[in-house]
Amino acid sequence: MSSLRPPALFRIWDVALIVLLLVLVGLTLYFALIPSSGEEAEIYLNGEKVATLPLSVDAVWHNEHVRVVVSGGTVCVSESDCPDKVCVARGAISRAGESVVCLPNRVVVVITGEGEVEAIS
Amino acid sequence: MTTKRLVRAAILLAVALILGFLETLLPPVFPMLPYARIGLGNAAVLLALLWLGVPYAAVILVLKSVVIGLFSGAPTMILYSLAGGTLSFAVMALLLRIGANGLPAVSAAGGILHNLGQILVAIAVTGTAGIAVLLVYLSLFGAVAGGVIGVIVYFVDRATLRARKEDRT
Ligand SMILES: [Zn+2]
């Protein structure tokens, strides 16, 4: 067998992980609590921006795979032919920095606006 | 003893596949966290690392990712899960070898890296840095899910300790 130490529930270096977790919790709260309404929904297909839709105007963008709907200041993927439907399940988003992703169709919808988070990109 | 290890590897592969399939049947855990994976199948990979060593565990990881990707109706997802799985696997194998961390922490680190790997490939494929905020949420989610799985694996390992000692003699 391998020469691994027997497993333990806790060892001293786990403290490093706990510190990392606290940082992640802090960042999550920071991003989640900033009230920042978005202004525009940018739609990317294969990494190229194919549309910029102001959230203030109801609109529909679609290709042969997905249907993106702007309505009442929010945007959502209303229909998609992808097998996992993760994008549709995401629901409507409205705040700057939020996104809807459809990996199988390589479509990303990102909301931009004042409070846009640019620090980590 | 090679036969015994092969049998164990086969059983762990079966468990990894069953847990992995189970997870693809579940609805997304949090709708706001696209592609967050609990990584149930990772429990079997971690046990394989503990009991059988890196080569066996690596084979189980690759077979699991490919088979589940092919059968879940989204073969393109193989790329994502392999990227996440490989990163997670590497860090768990390394941490186990160093031996300075408890099992839940090892598994949590694996969970973080799994979700990170997936989203990094997603950023590369979609060419959209705007989804980088997801890194934070997905890391946190991966750490918690991985930690819980690590606790479960710890107790599975302990519960089977005597049986594994007996049949080595
Ligand atoms: Zn989709």
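The values are calculated or read from the model by the stated rules, or taken from the named source; none is laboratory data. All of these numbers come straight from a predicted model, not from anything done at the bench. Glycine also receives a Cβ, built like all others from the backbone with ideal geometry; neighbour counts cover every protein chain displayed.
Would you be able to say whether some residue in the stretch B:139-148 is assigned to a helix (DSSP H, G or I), more than 15 Å from the chain's Cα centre (by Cα) and either facing chain A (nearest Cβ under 10 Å) or free of Cβ contacts under 8 Å to residues at least 60 places away in the same chain (or both)? The answer is yes, given that some residue of the stretch B:139-148 is assigned to a helix (DSSP H, G or I), more than 15 Å from the chain's Cα centre (by Cα) and either facing chain A (nearest Cβ under 10 Å) or free of Cβ contacts under 8 Å to residues at least 60 places away in the same chain (or both). The condition (being more than 7 Å from chain B (Cβ to nearest Cβ), surrounded by 16 or more Cβ atoms within 10 Å (Cβ to Cβ), modelled with pLDDT of 90 or more and away from the ligand (no atom under 15 Å from the Cβ)) is satisfied by just one residue among A:Val88, A:Val70: A:Val70.
Restricting attention to the stretch A:107-121, the residues that are at pLDDT below 90, surrounded by 17 or more Cβ atoms within 10 Å (Cβ to Cβ) and within 7 Å of chain B (Cβ to nearest Cβ) add up to 1. Pairs meeting the criteria (first residue in the stretch A:76-96 and free of Cβ contacts under 8 Å to residues at least 24 places away in the same chain, second residue polar (S, T, N, Q) and more than 8 Å from the ligand (Cβ to nearest atom), beta carbons under 6 Å, at least 6 apart or on different chains) are A:Ala92/A:Thr74. Just checking, does the stretch B:100-107 include any residue being surrounded by fewer than 23 Cβ atoms within 10 Å (Cβ to Cβ) and under 11 Å from the mean Cα position of the chain (by Cα)? Among the residues of the stretch B:100-107, not one is surrounded by fewer than 23 Cβ atoms within 10 Å (Cβ to Cβ) and under 11 Å from the mean Cα position of the chain (by Cα), which makes the answer no. So which residues in the stretch B:86-105 are more than 14 Å from B:Val54 (Cβ to Cβ) and either touching a residue at least 12 places away in the same chain (Cβ under 8 Å) or in contact with a helix residue (DSSP H, G or I) (Cβ under 8 Å, 6 or more places away or on another chain) (or both), if there are any at all? The answer is B:Leu87, B:Asn101, B:Gly102, B:Leu103, B:Pro104, B:Ala105.
The residues in the stretch A:92-106 that are in contact with a strand residue (DSSP E or B) (Cβ under 6 Å, 6 or more places away or on another chain) and within 7 Å of another protein chain (Cβ to nearest Cβ) can be counted, and the count is 2. Restricting to the stretch A:9-44, and then to whatever is charged (D, E, K, R) and closer than 12 Å to B:Asn101 by Cβ, can you tell me which residue is surrounded by the most Cβ atoms within 10 Å (Cβ to Cβ)? Once the filter is applied, the top-ranked residue is A:Asp14. One residue stands out among those in the stretch B:84-111 that are at the interface with chain A (Cβ under 9 Å from one of its Cβ atoms) and touching a Phe, Trp or Tyr at 6+ places or on another chain (Cβ under 9 Å): the one that is farthest from B:Ile60 (Cα to Cα), which is B:Ala100. Scanning the stretch A:1-42 for residues that are under 14 Å from A:Glu98 (Cα atoms) and among the acidic types (Asp, Glu) yields A:Glu39, A:Glu40, A:Glu42. Filtering the stretch A:13-66 to residues that are farther than 28 Å from B:Val144 by Cβ and hydrophobic (A, V, I, L, M, F, W, C) leaves A:Ala41, A:Ile43, A:Leu45, A:Val50, A:Ala51, A:Leu53, A:Leu55, A:Val57, A:Ala59, A:Val60, A:Trp61, A:Val66. Residues in the stretch B:157-169 that are aliphatic (A, V, I, L, M) and more than 10 Å from chain A (Cβ to nearest Cβ): B:Ala159, B:Ala163.
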